[in-house]
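To start, the structure itself, in structure tokens.
The values are calculated or read from the model by the stated rules, or taken from the named source; none is laboratory data. Computed from a predicted structure; not experimentally measured. When we count neighbours, we look across all protein chains shown, and the Cβ atoms used for this are built from the backbone with ideal geometry, even at glycine.
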Amino acid sequence: MNALINWLNKHVVPIAAKIGSIRWLIALRDAFIAMMPLMLAGSVANVINSLVRDLPNQFGWTSFVNSMQWLIGINAMVWTGSTAILGLLFSFTFGYQLCVQYKVEPITGGLVTLGTFIMGLPQNFVLVLKNTLSQGDTKTLTDAGAVITGKNVTSWGYFNFSKYFGAG
């Protein structure tokens, strides 16, 4: 057993120490550690909603689910403020922690990273229509900046919150 420990100390520990001293890996670790309370809060809210909304609905206990709407609403707000925006939070926190490692202004680095993340998101909206739009609907969409070509309505400036801002 001592031979294994000595071999690990001689060969593996120096490599692990070098990897552990890379600044951006330290910033990555610290960013995830800083976000841990929000991830836990969102996860607990998600589990509670599964127990008071999803599971009872599978058994047809709609009266129980209706009586728990107050708790379901609170958990939805907690989830929205934590898990649903983890991408945004991580982008700021990683930039912040990276600036801490390089000993420069961390708030500025976090804001620049957050802005860069948002600039990198696709901002196009494409809606494929099944039916043609009425003249009033067409005017409303075109006044808002949408372009209607055939059965497609496209617009710029739309962020897909559920796809890019959350934990995915």
Looking only at the stretch 67-85, filter to residues that are over 26 Å from A34 (Cα atoms) and hydrophobic (A, V, I, L, M, F, W, C); which one of those is surrounded by the fewest Cβ atoms within 10 Å (Cβ to Cβ)? W70
So is G109 surrounded by 12 or more Cβ atoms within 10 Å (Cβ to Cβ) and out of contact with any strand residue (DSSP E or B) (no Cβ under 7 Å at 6 or more places or on another chain) or not? yes
Write out, first by first residue and then by second, each pair whose Cβ atoms fall under 6 Å of each other, whose residues are 6+ apart or on separate chains, and whose first residue, in the stretch 1-23, is in contact (Cβ under 8 Å) with a residue 40 or more places away in the chain while the second is not aliphatic (A, V, I, L, M). R23/Q101
Where residues in the stretch 28-74 are of a type in the set (F, W, Y) and part of a helix (DSSP H, G or I), which of them is nearest to A84 (Cα to Cα)? F32
Go through the stretch 83-117 and count every residue that is without any contact (Cβ under 8 Å) to a residue 40 or more places away in the chain and β-branched (V, I, T). 6
Specify the residue that is modelled with the lowest pLDDT; the eligible residues are those in the stretch 121-162 that are surrounded by 11 or more Cβ atoms within 10 Å (Cβ to Cβ) and basic (K, R). K151
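Collect the residues in the stretch 3-23 that are among the basic types (K, R) and under 38 Å from the mean Cα position of the chain (by Cα), keeping them in residue-number order.
The answer is K18, R23.
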